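The values are calculated or read from the model by the stated rules, or taken from the named source; none is laboratory data. Because the structure is a prediction, the values reported are computed rather than measured. Note: ideal-geometry Cβ built from the backbone for every residue, glycine included; neighbour counts use all protein chains shown.
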Amino acid sequence: MDLRKLKTLIDLVSESNISELEITEAEGKVRIVKAGPAASPPQAMAYAMPQGMAMPAEAPRAAAPAVEAQAEAPATTSGHVVTSPMVGTFYRSSSPGGKPLVDVGDSVKEGAPICIIEAMKIMNEIEATHSGTITKVLCENGQPVEFGQALFVIE
């Protein structure tokens, strides 16, 4: 199991109502237990790997600060920034090759669909959190997004 898949599982446990998740695959076994009400993030309790398999390199962790910096909203933008409520893949339209749900200059009302985020083969419609005009689209179609990453700016 790669680190991205493990991080996705940890994020899903932290955002859901479940308190424990255990998955067994050919590569090994993962058990994730959500901490009590102290609001600390869930921890991967155990990861058993078959003999002969090498542990993943630590290089992906070194890239984590860059991902966190990208996920933050741009400091110089005015207006309301719509952020991603989950980890997944960002899509501007509801079908491949289709017309984007919103473009720069479009007026939107609170609750109107503005994009799709695919997470674990489920298409999640993301709605505008404020009424106004789309002034910036901050993600590319098909781009992976993180929880809290800025998607749009609405003024």
**Asked** Just a yes or no: is a residue in segment 32-51 exposed (fewer than 13 other Cβ atoms within 10 Å of the Cβ), part of a strand (DSSP E or B) and either at pLDDT 80 or above or touching a Pro at 6+ places or on another chain (Cβ under 9 Å) (or both)?
**Response** no
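Each row is one residue, and each column tells you yes or no for (1) closer than 17 Å to ILE126 by Cβ; (2) at pLDDT below 50.
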residue: PRO56; (1), (2): no, no
residue: VAL67; (1), (2): no, yes
residue: ALA71; (1), (2): yes, yes
residue: PRO74; (1), (2): no, yes
residue: THR89; (1), (2): yes, no
**Prompt:** Which of the residues spanning segment 11-28 are assigned to a strand (DSSP E or B), in contact with a helix residue (DSSP H, G or I) (Cβ under 9 Å, 6 or more places away or on another chain) and more than 16 Å from MET120 (Cα to Cα)?
**Reply:** GLU20
**Message:** Between LEU12, LEU3, which is under 19 Å from MET86 (Cβ atoms), among the aliphatic types (A, V, I, L, M) and at pLDDT 80 or above?
**Reply:** LEU12
**Complete:** Flagged in segment 81-109 as in contact with a strand residue (DSSP E or B) (Cβ under 8 Å, 6 or more places away or on another chain), part of a loop (DSSP other than H, G, I, E, B) and either β-branched (Val, Ile, Thr) or loosely packed, with under 12 Cβ neighbours inside 10 Å (or both), in numbering order, are VAL87, VAL102, ASP103, VAL104, GLY105
